[in-house]
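All of the numbers you see were taken from the coordinates with simple rules; none came from a lab. Remember, predicted model here, so these are calculated numbers, not experimental data. Note: ideal-geometry Cβ built from the backbone for every residue, glycine included; neighbour counts use all protein chains shown.
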Amino acid sequence: MNPKQKTIDTLLQGRSTTIQNTSGRVYAPANIALCKYWGKRDADLNLPLTPSLSVSLGPKGSYFGFQMIEDKEHQINVNGIQIEKTSAFYQRLVSFLNLFPNAEQACLQIDIESTIPIAAGLASSASGFASVVKALNELYGWQLSLQELSILARLGSGSACRSLWPGFVEWQMGERADGLDSHGVSLPETWPEFRLGLHLISTQEKSISSREAMEITRKTARFFKLWPEQVEQDFKAIQNALSEKDFKALGQTAESNALALHAMMLNAVPAISYTQPHTLMAMQKIWALRAQGLALYFTQDAGPNLKLLFLEPDRETVLAHFPELDVVAPFAE
Ligand code: PMV
């Protein structure tokens with residue numbers, strides 16, 4: 001049996017396999033890791049080799065509307081545009097839906113509204129898969145806990161397991177071979193002044209998926225053996241920074257964690273780089289501003305875009321230098 005299916009069967013034991021709600025709409029936020037996940041101990045189940053820690057993006061994420069239809073195939077619209085059934089996006093979503101029992105029972109009209117550009121290293125797949133499992137939970141009336149939904153979301157995309165909660169979230173890597181202890185956990189710290197600015201460099205789809213890039217890095221990069229130690233130290237430093245509200249320590253650690261990740265990808269064979277000339281120019285601008293005393297840091301995922309980290313009192317100064325920045329307040333009411 002497909003290992004993903006085994007996890008699903010275990011979690012859904014004794015739960016409804018018939019449709020309870022024929023329509024609904026759910027939401028999940030995107031999340032940005034401050035201490036990154038890169039490298040799997042099990043590629044089928046998306047089980048990580050290290051823990052990771054993220055912040056959810058409040059209003060930036062995915063709405064997933066569904067309605068049962070009399071048809072033979074699902075219809076999927078993204079931001080109002082119908083998706084071709086032959087596209088990779090359609091296939092990936094439908095093959096995920098088909099993992100669930102009695103999937104053939106319901107053909108759905110699916111309306112996805114993404115408030116964050118798709119597949120450009122901006123965590124759209126994380127909010128996407130978290131919203132899918134929340135929608136299935138409604139459709140079948142399973143009443144699963146957020147922890148159980150996090151395990152299901154992980155099967156779609158690893159980082160999606162952190163998108164079930166607002167605020168800071170830890171992904172506990174777990175030890176079990178079946179992955180039932182590998183899921184997100186909401187952290188108690190809040191930080192009302194914490195800001196994250198999306199600095200878009202390109203919204204084009206990434207050249208290589210994170211799934212593929214992770215496996216190439218794990219198998220070929222010599223630096224990869226240093227990664228678990230880097231994560232262990234960064235993870236502790238970020239936990240400390242959160243409990244002490246030490247923004248400089250948080251920013252510095254998140255930034256060097258991201259840079260270590262991208263250095264490790266350059267060390268893969270063939271080398272992988274998501275960085276574009278404008279990404280580097282923005283990094284240099286941030287470093288120059290920091291040298292002048294501004295507490296501004298960045299992180300970068302599997303794409304050329306940067307996410308800038310700063311506190312509310314510096315918003316105007318940061319915007320003066322990055323006027324196009326899309327500022328997110330993860331802890332706003
Ligand atoms: O979950 P995936 O396969 O989209 O991988 C996410 C990888 C990073 O965004 C680079 C890191 C992370 O922890 O989110």
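Report the residue, chosen from Q284, Q230, Q252, that carries the largest GNM mean-square fluctuation when the chain is represented by alpha-carbon nodes joined by springs under 10 Å.
It is Q284.
Counting other Cβ atoms within 10 Å, which GluC sites (Glu not before Pro) in region 123-227 have at most 11 and lie in a DSSP loop?
Filter output for region 123-227: E175.
Comparing Q172, Q300, Q233, which has the greatest mean-square fluctuation in the GNM of the chain with Cα pairs linked when under 10 Å apart?
Q233
As an exercise, take the mean of 1/r over every pair of distinct alpha carbons in the chain, invert it, and state the Kirkwood radius in angstroms.
About 20.4 Å for the chain.
Pairs K248/K285; K36/K248; K4/K72; K225/K248; K6/K134: which are spaced more than 21 Å apart, C-alpha to C-alpha?
K4/K72; K225/K248
Have a look at region 51-169 and give its Rg and Dmax from the Cα atoms, expressed in angstrom.
Spelled out, the Cα radius of gyration and Dmax of region 51-169 are 13.8, 43 Å.
When only DSSP loop residues count, what trypsin sites (Lys or Arg not before Pro) in region 264-310 have their Cβ near at most 15 other Cβ atoms within 10 Å?
none
Compactness ratio of region 280-333: Cα Rg over 2.2 N^0.38 Å, N = residue count?
In units of the globular-protein estimate, region 280-333 measures up at 1.13.
Once you wrap a convex hull around the alpha carbon atoms of region 229-301, what is its projected area averaged over all directions, in nm²?
Value for region 229-301: 5.4 nm².
Pick out which of S52, S127, S23 has the largest mean-square fluctuation in a Gaussian network model of the chain, springs linking Cα atoms closer than 10 Å.
Looking only at S52, S127, S23, the biggest GNM fluctuation is shown by S23.
Across 10 Å bins from the origin, how do the percents of Cα pairs in region 191-323 run, short distances first?
12, 39, 35, 14, 1
For region 64-113, just the Cα set please: Rg and Dmax, both in angstrom.
Values for region 64-113 (Cα only, Rg and Dmax): 10.3, 29 Å.
Rounded to whole Å, give me the distance from the Cα center of region 289-313 to that of region 50-127.
If you average the Cα positions of each part, the centres end up 30 Å apart.
Counting other C-beta atoms within 10 Å, and keeping those with at most 16, which DSSP coil trypsin sites (Lys or Arg not before Pro) do you find in region 82-165?
Listed in order of number, the matching sites are K85.
Helix-derived [θ] at 222 nm for the chain: sum -39500 (n - 2.57) over DSSP H runs of at least 4, divide by residue count, nearest 500?
Helix-only estimate at 222 nm: -11500 deg cm²/dmol.
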